[in-house]
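Read-outs throughout are calculated quantities, based only on the coordinates presented, and are distinct from any laboratory measurement. Keep in mind it's a predicted model, so treat the numbers as computed, not measured. Every residue, glycine among them, receives a Cβ derived from its backbone with ideal geometry; neighbour counts consider all protein chains shown.
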Amino acid sequence: QEKRLLEGKHVLVTAGATVERIDPVRYLTNDSSGKMGYAIAEEAQRMGANVTLVTGKASIAAPAGVTVVKVESALEMMEAVLSRLPEQDVIIKAAAVADYRPAEQAEHKIKKNEDEMTMRLVKNPDIAQAVGERKKPSQLLVGFAAETQHLETFAQEKLKKKRCDLLVANDVTMEGAGFGTDTNVVRIYDSGGLVEALPLMSKGQVAARLLALVADRLGKGR
Ligand code: C5P
């Protein structure tokens with residue numbers, strides 16, 4: 001008989017890629033299948049949590065039994081997350097948020113009349129950082145970092161800047177890690193350094209290990 005480690009806890013997971021409109025038929029986005037975030041939502045649900053999945057574009061169906069909030073842009077995702085923040089115990093930010101969005105969205109399809117065109121981009125807010133600034137000490141924030149180099153250094157920088165309690169870093173250049181795959185290879189950090197270096201495993205197994213760590217740290221009065 002398995003213990004339900006997150007029984008009654010409120011867990012919000014962001015997943016998928018944000019879509020930043022250029023015009024009615026075009027957009028900017030990031031590589032993300034949504035699989036890692038969806039696996040976390042599914043596993044948290046199985047562990048007894050009340051799960052809200054705030055999702056951008058993803059290539060798979062949402063797990064059953066979770067509350068799904070569909071969003072398109074980073075600004076919409078930010079609003080969806082912040083408006084639901086007070087009741088959460090855990091916030092897990094697995095979404096691939098576009099760093100920039102077009103400064104203007106054309107109302108009609110842009111015509112290819114010019115030989116060259118320039119598009120001005122403006123920076124999106126950092127949702128994880130906004131959560132980090134607003135969260136209560138009892139709320140646990142987990143961030144993700146997809147890197148291609150200097151994993152440890154970049155992970156520590158992000159952990160501090162976004163005030164995450166845990167940061168899951170993956171080297172997306174590694175075989176079996178990152179975008180679109182059903183497996184992942186991650187290292188989990190906290191402010192003290194490396195907590196766990198997990199071998200190649202399914203995204204479901206990564207989710208289970210991560211959530212076991214989260215459950216262990218909840219309510220330990222940080
Ligand atoms: O800085 P970077 O995008 O690598 O950080 C990744 C982490 O920050 C992820 O947890 C991601 O969901 C979150 N993030 C965010 N808002 C952004 C950019 C990233 O919440 N605008």
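Observations
- Estimated inter-spin distance, ARG209 and LYS160, nm [label 7 Å along Cα→Cβ]: 2.6 nm
- Among ILE188, ILE60, ILE127, ILE40, a tally of other beta-carbon atoms within 10 Å of each Cβ gives an order, fewest to most, of ILE60, ILE188, ILE127, ILE40.
- Taken about its Cα centre, the range 75-125 carries a charge dipole of roughly 80 debye when the Cβ of each Lys and Arg holds +1 and the Cβ of each Asp and Glu holds -1.
- When both the range 137-152 and the range 6-28 are represented by their alpha-carbon centers, they are found 17 Å apart.
- Against the main long axis of the alpha-carbon atoms of the chain, helix 74-83 sits at an angle near 40°.
- Angle in degrees between helix 203-217 and the longest Cα principal axis of the chain, rounded to the nearest 10: 60 degrees
- Over 25 Å apart at the Cα level, from the set LYS93/LYS135; LYS57/LYS160; LYS123/LYS162; LYS123/LYS203; LYS70/LYS135; LYS3/LYS162, are LYS57/LYS160; LYS123/LYS203; LYS3/LYS162.
- With a Förster radius of 25 Å applied to the beta-carbon distance between HIS150 and VAL122, the computed FRET efficiency rounds to 0.40.
- Order of TYR27, TYR38, TYR100 under a 10 Å beta carbon neighbour criterion, fewest first: TYR100, TYR27, TYR38
- The range 147-222: GluC sites (Glu not before Pro) falling in loop per DSSP and having at most 14 other Cβ within 10 Å: GLU175
- Positive-end ranking of PRO137, GLN205, VAL195 along the dipole of the range 126-218, with charges on Cβ about the Cα centre, is headed by PRO137.
- The Cβ shell under 15 Å around ARG84 holds other residues with a net charge of +2, Lys and Arg each +1, Asp and Glu each -1.
- Look at the dipole of the range 1-103 built from charges on Cβ: of VAL97, ALA64, GLY34, the Cα furthest out on the positive end belongs to ALA64.
- Crossing angle, helix 35-46 versus the chain [Cα axis fit, 0-90 degrees, rounded to tens]: 40 degrees
- For the range 1-103, the dipole from Cβ point charges (+1 on Lys and Arg, -1 on Asp and Glu) about the Cα centre works out to 120 debye, to the nearest 20.
- Dipole magnitude for the chain: about 620 debye, using +1 per Lys or Arg Cβ and -1 per Asp or Glu Cβ, origin at the Cα centre.
- Neighbour-count ranking [beta-carbon atoms within 10 angstrom, fewest first] of HIS150, HIS108, HIS10: HIS108, HIS150, HIS10
- Inter-centroid distance (Cα atoms) of the range 72-125 relative to the range 29-70, Å: 19 Å
- Segment THR29-GLU114, length gained on full extension (0.36 nm per residue, minus Cα span): 28.2 nm
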